[in-house]
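The values are calculated or read from the model by the stated rules, or taken from the named source; none is laboratory data. These figures come from a predicted structure and were not determined experimentally. In this analysis, Cβ positions are derived from the backbone assuming ideal geometry, glycine residues included, and neighbour counts consider all displayed protein chains. Heads up: the accessible areas ignore ligands, DNA and RNA and are worked out on the full protein's heavy atoms, side chains in. Shrake-Rupley method; radii C 1.70, N 1.55, O 1.52, S 1.80 Å.
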Amino acid sequence: MSKSENGRSCEQCVADVLSDSTTPLTLLELQQRVVALQPEGGCNARDISGAISRVFQAVPTTSDRYGWLSSLLAETTFRHPLISREAKKGFLMLDELEHAIFFPDFFQTSRPQKRRVFIELMDGPTIEAKAYIEQQTWALGLGTSFRDWVERLGGQQHDAIIIHVVDAVEGRYLLRLQPREARDDDEIREHNLTCAHTAESIVTAHQQNVNPIMPAHELAARLIAADIYRNPVPPDDMHYVMHHFSILQLNDEGYRCEDTPAPSKHKVDSQDRSQDESTAEAAMSLFGWQVGRTPSDSIWDLMDMMDETAGGEETFPGDDEACHAYQL
């Protein structure tokens, strides 16, 4: 980590410049502004380029332009498949994409943050929420107000929570419940395909220039920067989309691109199970909830099993703890 003469690291200077900019900056503009912060010098162009790669929220929007993730999140919309335990206990399980939505700084260190966010429930109250660990996975604690809101609207595990980012910098979000019957499957499928193809291009370029594996949280940030979620009708859960619509393969470290697509990719297998069942199954596989079960088991039986066996109390991480699922 290179230091300027005033003691500020290049990473901090890059973060300051990008977070202060309302629009993405070219690499040259970014370098000029960093130098302006350091009239005595200290960070050259190579240092700045290296610093960009180490600042999670510094996200490329094009090949030579960078934005700040918190700013890029403004007016974006995401889809979260609701499961019964979330509705009953009042929380949302967070995958890498959703963790980046609510806590954009988290993946800089992958450590707990004291940030609290303000969630407006459409036709309901505004509540204050924070992250905690539920079943060894990060979750957004929404409490009884969320539980009562879902119950009042008749929400169930077939439905979706639509997350709209009002202002990620200030931590303001809007949630609405979308019944399963309100899904526009054709439109969502088109968005799923667009998301999958964009992800393939991002991961392929990453493989060629940086690393054969792209961490899931980095892919999530890049998809946000590519405006995939700047649409009132968002695609499905990111991991579901990657699994069913892309040629990408997920392992413990992240995503890689297959050399040739599998026959089942770029289409949804709707003959044997519904889209919602596939979405929930993909999410449950990600969080390790299918151990000891076979693919023939009903997805709703699996959900019931999860509710029955998750009897332990949730744990709140201390300052020195990190989420084991994300470490894996």
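Give me the percent of accessible area attributable to carbon and sulfur for segment 175-227, probe 1.4 angstrom.
Roughly 43 percent of what the probe reaches on segment 175-227 is carbon or sulfur.
Just going by the charge dipole of segment 106-191, with Lys and Arg at +1 and Asp and Glu at -1 on Cβ, which of His191, Thr137, Trp149 is farthest out on the positive end?
About the Cα centre, the residue reaching furthest to the positive side is Thr137.
Would you pull out the residues with amide H under 5 Å of Tyr255's amide H, same chain only if 5 or more places away, H placed 1.01 Å from N?
Hits under the 5 Å cutoff: Met214, Ala216.
Around Ser246, which amide H atoms from residues at least 5 apart in sequence, or from another chain, sit under 5 Å from its own amide H, with H modelled in the peptide plane?
Excluding prolines and chain starts, which carry no amide H, the hits are His266.
One-quarter of the Cα convex hull surface for segment 1-144, in nm²?
10.3 nm²
Considering only protein heavy atoms and a 1.4 Å probe, what is the carbon-and-sulfur percentage of the accessible area of segment 120-159?
Numbers: 780 of 1890 Å².
Whole-percent figure for carbon plus sulfur exposure: 41.
May I ask for the net charge around Val59, where only other residues with Cβ less than 11 Å from the Cβ of Val59 are counted and Lys, Arg are +1 while Asp, Glu are -1?
Summing Lys/Arg as +1 and Asp/Glu as -1 gives +1.
So, for segment 192-248, what is the accessible surface per residue at a probe of 1.4 Å, expressed in square angstrom?
34 Å²
For segment 1-138, with every protein chain kept in place, what is the accessible area per residue (1.4 Å probe, Å²)?
It amounts to 44 Å² per residue over segment 1-138.
Within segment 50-81, which residues have the backbone N less than 16 Å from the label spot 7 Å out from Thr26 along Cα→beta-carbon, could you tell me?
Answer for segment 50-81: 61-67.
Keeping all protein chains in position, work out how much accessible area Ile52 exposes to a 1.4 Å probe, and write it in Å² to the nearest 10.
Ile52 exposes around 10 Å² with every protein chain in place.
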